[in-house]
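Trainee: Structure incoming, see below.
The values are calculated or read from the model by the stated rules, or taken from the named source; none is laboratory data. What you see is a predicted model; the values in this text were computed from it and never measured. Virtual Cβ from ideal backbone geometry, glycine too; neighbours counted across all protein chains shown.
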């Protein structure tokens, strides 16, 4: 016979799983951004300052910030 889980145990497990996934996602996004910045640095000087290069880094940083906000909201649950 199995013991019933305490109230909220499944929710805690789901939140912990989501937090781990978000942490992994943030780390992978950080690696991707670092690689993008290295590739941008290797571009010819005129292309380094292109709108595409600036947007790539800015969009990546915005995504990282959103992921961090999600992580924080899960911690506050």
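Trainee: For segment 64-77, how many residues meet the condition of being surrounded by 15 or more Cβ atoms within 10 Å (Cβ to Cβ) and either more than 15 Å from residue 14 (Cα to Cα) or touching a strand residue (DSSP E or B) at 6+ places or on another chain (Cβ under 8 Å) (or both)?
Mentor: Adding up the residues that qualify gives 2.
Trainee: What number of residues within segment 31-60 satisfy the criterion of being under 30 Å from residue 15 (Cβ atoms) and either surrounded by 13 or more Cβ atoms within 10 Å (Cβ to Cβ) or touching a helix residue (DSSP H, G or I) at 6+ places or on another chain (Cβ under 6 Å) (or both)?
Mentor: Of the residues in that region, 3 qualify.
Trainee: Within segment 17-30, which residues are loosely packed, with under 12 Cβ neighbours inside 10 Å and over 12 Å from residue 71 (Cβ atoms)?
Mentor: 17, 28
Trainee: Can you confirm whether segment 12-30 contains a residue that is at pLDDT below 90 and not in a helix (DSSP H, G or I)?
Mentor: No: zero hits.
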